[in-house]
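The values are calculated or read from the model by the stated rules, or taken from the named source; none is laboratory data. Since we're looking at a predicted model, the values are computed, not measured. Because the Cβ atoms are built from the backbone with ideal geometry, glycine has one as well, and the counts that use them run over all protein chains shown. Protein only, heavy atoms only, side chains kept; ligands, DNA and RNA dropped before computing areas. Shrake-Rupley method; radii C 1.70, N 1.55, O 1.52, S 1.80 Å.
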Amino acid sequence: MRRTLLNLSFIGLGTAVGIIGTQFLPSYAKSERTPPKITVDEKPLERGGQFTTSFAPVIKKAAPSVVTISASRTVKQREMRGHPLLDNPLFRDFFGDPGQRPMRPQKEEALGSGVIVSEDGYILTANHVVEGADDIKIELPTGREYTAKVIGTDPPTDTAVLKIEGTGMPAITLANSEKLEVGDVVLAIGNPFGIGQTVTMGIVSATGRGELGITDYEDFIQTDASINMGNSGGALVDAGGRLVGINTAILSRTGGNQGVGFAIPINMARSVMETLINNGKVTRGFLGVGLQPLTPELSERLDLKEQGALVAGVEEGTPAAEAGM
């Protein structure tokens, strides 16, 4: 019952907010891609020390890598010419049905954030920020603008990889998100509501958060760092300024920040990115089973001593069915 009172929203700004689609944007041939030179620092941060009075040095290190993404797409809408009484059934016989009138193209704009992860211009962002986009513009914190091309997208994890042409880009250092612990300080960097680059602070509220119905593959970092519409695709960094996640969604009754935000762990996003760069798409194994957690109550009821997941159903014609599961 609790979930029916809440809204799970993506945090892009504009028409990008909504349900993830399954459309893949055009990818580019493998021969055209240069593997990104990514800097990874997996050393754990020192914990338990005296709390710092300023994160300014951390922000100076990480913020230049966080960009604003402006995506435009063409949609078709019914052309509603004439009097508004056309919606009245009494007038339709005379004026005709507006629903039968031709569709006309219209531009929609979406605003989000992204993170430069290599000096040669590879950018990680959220798929819903750029999904279906005809034109994507990147603005660096310095104000310099670039046109980006889509290297690949993966809607099941809400991840997208973009590329801008250039060298010596301000690439962020990646951390090992598996080493995050609840209570670690994190900073969210992005462009909420299009007001300009903004930094907020919080802690890691939970790790491995799933079963939220946001994406198909969920292993979210949960944080109370303030993130809002426009932060989608932006950076979640640790106290050392290293990238630990890509901000993607919030849980809210109002549509604004209420202290429950989610980020894709950088380990997952990095794996997806490397696969998209190498292959243009992500291919995953498929069993065709429905699973549910094997709780202590279920184990007792079914007289099972094992731990794991319960196969609740098998779809016909799937590998699992063919294997006799």
Tell me, what is the FRET efficiency for Leu212 and Thr74 to the nearest 0.05, using R0 = 22 angstrom and their Cβ-Cβ distance as r? 0.10
Simple spin-label model, 7 Å along Cα-to-Cβ: Gln307 to Val182 in nm? 1.6 nm
Pulled fully out, how much extra length does the chain show between Lys107 and Glu42, if you take 0.36 nm times their separation in residues and subtract their Cα-Cα distance? 19.1 nm
In terms of the Cα gyration tensor, with a ≥ b ≥ c the square roots of its eigenvalues, is the stretch 177-251 rounded because a/c is under 1.5, prolate because a/b exceeds b/c, or oblate? oblate
Quote the charge dipole size of the stretch 193-325 about the Cα centre in Debye, to the nearest 20; the model charges only the Cβ of Lys and Arg (+1) and of Asp and Glu (-1). 560 debye
In bins 5 Å wide, starting from 0, what share of all Cα pairs of the stretch 220-283 does each bin hold, as a percent? 4, 19, 23, 20, 15, 10, 7, 2, 0
With each label point set 7 Å from Cα along the Cα-Cβ vector, what nm distance links Thr52 and Ala323? 4.7 nm
Given a 1.4 angstrom probe, what's the average accessible area per residue across the stretch 152-193, in square angstrom? 30 Å²
Can you return the lysines within cross-link range of Lys37? Criterion is Cα-Cα under 19 Å, with same-chain partners fewer than 8 residues away left out. Lys61, Lys149, Lys163
Here the equivalent ellipsoid of the stretch 207-325, derived from its Cα gyration tensor, has semi-axes (largest first, whole Å) of 33, 21, 14
Cross-link partners among aspartates and glutamates for Lys281, C-alpha distance below 18 Å, same-chain residues fewer than 8 apart left out? Glu32, Glu131, Asp154, Asp158, Asp216
